Amino acid sequence: MKRPFLLALACALLLTGCTGPAQPTHTPTSDPTAESTTFAMDTVMTFRLYGGTEEDLTAVTSRILSLEQDLSVTLEDSQVYALNHSGGEPVTAGEDFLALLALAKELGNRTGGALDVTMYPVVKAWGFTTSEYHIPDEDTLSALLANVDYTSVTVEGDQVTLPAKMELDLGAIAKGYAGEMAANLLRERGVTSAILNLGGNVQTVGSKADGSPWRIGVQDPQQTTGGYLGVLEIRDQAMVTSGGYERYFEEDGVRYWHIMDPHTGAPARSGLVSVTIVGDKGGLCDGLSTSLFVLGREKALDYWRTYGGFEAILIDDQNNIWVTGGLKNNFTLVADSPYTLNIVEE
Ligand code: ADP
Ligand code: MG
């Protein structure tokens, strides 16, 4: 079920790639010089380099695979797995794990716990890890929530401790961070133009080979426009979306999605159906896409005004789109859109 869908998503998002309006005639330099598709971190990833080589591609792929190896919640020799099976004893964490824990903690604090990387037992109870979906009863949820609290994760140097009954999962931030690290690596290797799609988390390096910005489709959460509802132009940045349409099940006409409110233990009902974040740091964008979805429009925009450093496209369940001021010249709705576009100024 999931993989073909993700493939379609990976395809639809990149207007520069396999779909979209009539393509301009390609000059030799407008084709990627190296490209690949990989399955990693539970998703389909496509990497396209313009000016980069097969060696650059190999370097990026091995960086991503080693991140997965360290950070996966299911691979039995990962650092996260070791922590989750440590019985409360300290575990040694590598640089990436430590960086992600610091980011998770900071975002947890700034969002009043809307991002909580110890939600894994709750996510499992709803069946989102196995696709055997099921609505847990209140007692089960409150028992599980008693052991959800990211502030209980402690870090001293490279030693991380997690209380015995808790489980940690970096799924809400790892893919964005992976894209960020991949982009850094490509820049260090002298690659000036690349687009990486990590299961819908898009990371760009530089601009297109002809110097124009990357044009990326923003998925229509309700599919009213068929595919994407608008196009965003970015350079050298990440664009990460969390949507209620990405992974969900339905029961008695109600949709239950995989973005959960740590305060209720249930899918977040904030009125938002999709949150797209654009910024320089993919890890931060990923963490914000999840947590601002949980917070809802007003608190999300308060967060943006308070901390800044990113731009956002929020879509609510009433067909409204809220675009933060910094994107007003970079975002275009498709023609005849059923959505109402609102620009949010500071
Ligand atoms: P995706 O990984 O599907 O692109 P997200 O980045 O929004 O989507 O991450 C969602 C994943 O993070 C869920 O599948 C779940 O494992 C985990 N998660 C869900 N809600 C939260 C939350 N409030 N805080 C931290 N992790 C969460
Ligand atoms: Mg996220």
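The values are calculated or read from the model by the stated rules, or taken from the named source; none is laboratory data. Small disclaimer: the values here were computed from a predicted structure and weren't measured. Cβ atoms come from the backbone with ideal geometry, glycine included; neighbour counts cover every protein chain shown. Areas reflect the complete protein model, heavy atoms only, side chains present, ligands, DNA and RNA absent. Shrake-Rupley method; radii C 1.70, N 1.55, O 1.52, S 1.80 Å.
Each peptide in 315-321, 251-257 was scored by the mean count of other Cβ atoms within 10 Å over its residues; highest first, the order is 315-321, 251-257. In sequence order, segment 85-102 has phi-based couplings of 10, 8, x, x, 8, x, 10, 7, 10, x, 4, 5, 4, 5, 5, 5, 5, 5 Hz under the Karplus curve 6.51 cos²θ - 1.76 cosθ + 1.60, θ = phi - 60°, and Gly or Pro positions carry x. Within straight-line reach of Lys208, meaning a Cα separation under 13 Å, sit the following aspartates and glutamates at least 8 residues removed in sequence or on another chain: Asp31, Glu233, Asp236. DSSP loop (so not H, G, I, E, B), at most 13 other Cβ within 10 Å: list which GluC sites (Glu not before Pro) in segment 54-140 pass both filters. Answer by residue number: Glu76, Glu132. In the full protein context, the chain carries 43 Å² of accessible surface per residue, based on a 1.4 Å probe and ignoring ligands, DNA and RNA. Relative protection proxy for 214-223, 184-193, from highest mean packing down: 214-223, 184-193 (other beta-carbon atoms within 10 angstrom). Packing, taken as the mean count of other beta carbons within 10 Å per residue, orders the peptides 329-340, 164-175, 118-129 from highest to lowest as 164-175, 118-129, 329-340.
Give me Rg/Rg_expected for segment 177-327, where Rg uses Cα atoms only and Rg_expected = 2.2 N^0.38 Å with N residues. Mind dumping the intermediate values first?
Values: Rg = 15.7 Å, N = 151, 2.2 N^0.38 = 14.8 Å.
Normalised Cα radius of gyration, segment 177-327: 1.06.
As I understand it, the dipole of the chain uses +1 on the Cβ of Lys and Arg and -1 on the Cβ of Asp and Glu, about the Cα centre. Which of Tyr303, Thr154, Ser62 lies farthest toward its positive end? Checked the options; the winner is Tyr303. Helices in the chain, meaning DSSP H runs of at least 4 residues, each add -39500 (n - 2.57). Divided by all residues, the mean residue ellipticity at 222 nm is -9500 deg cm²/dmol. By accessible area, using a 1.4 Å probe on protein heavy atoms only, segment 78-171 has 49% of its surface on carbon and sulfur.
With a Förster radius of 22 Å applied to the C-beta separation of Glu188 and Glu345, the computed FRET efficiency comes to 0.05. Mind telling me which of Val240, Val273, Val153 comes out most flexible in a GNM of the chain, alpha-carbon contacts under 10 Å? Evaluated over the chain, the most mobile residue of the options is Val153.
Averaging over all projection directions, the Cα-based convex hull of the chain occupies 17.2 nm² in the image plane. Here is the size of segment 86-230 from its Cα atoms: Rg then Dmax, 19.2, 58 Å. Applying the Karplus relation 6.51 cos²θ - 1.76 cosθ + 1.60 with θ = phi - 60° to segment 273-282 yields 3J(HN,Hα) values of 10, 7, 10, 10, 10, 10, x, 6, 10, x Hz, where x marks Gly and Pro. From the P(r) of segment 130-194, can you give the percent of Cα pairs sitting at distances over 13 Å? It works out to 77 percent of all Cα pairs. Modelled spin labels at Lys299 and Thr74, positioned 7 Å past Cα toward Cβ, are 3.0 nm from each other.
Cross-link reach is defined here as a Cα-Cα straight distance under 14 Å, omitting same-chain residues fewer than 8 places apart; for Lys165 the aspartates and glutamates meeting it are Glu89, Asp149.
Taking the inverse of the mean reciprocal distance over all distinct Cα pairs, the Kirkwood hydrodynamic radius of segment 78-171 comes to 13.8 Å. Legend: P(r) of segment 192-255 from all alpha carbon pair distances, 5 Å bins from 0, whole percents, reading 4, 16, 22, 20, 15, 10, 6, 3, 3, 1, 0.
With both labels modelled 7 Å from their Cα along Cα-to-Cβ, the Gln318 to Lys124 distance reads 4.0 nm.
Measuring nothing but how far apart in sequence close Cα pairs (under 8 Å, 6+ apart) lie, relative to its length, segment 78-171 scores a relative contact order of 44 percent. Two numbers describe the Cα atoms of segment 281-346: Rg and Dmax, which are 11.9, 34 Å. For Thr161 and Asp236, the FRET efficiency from 1/(1 + (r/R0)^6), where r spans their Cβ atoms and R0 equals 45 Å, is about 0.75. With each label modelled as a point 7 angstrom along the Cα→C-beta vector, the Thr264-Glu89 pair spans 4.1 nm.
Taking Ala104, Ala143, Ala40 in turn, the Gaussian network model of the chain (Cα-Cα springs below 10 Å) assigns the largest fluctuation to Ala143. Need one number: % antiparallel among DSSP beta bridges in the chain, to the nearest 5. Of those bridges, close to 90 percent are antiparallel.
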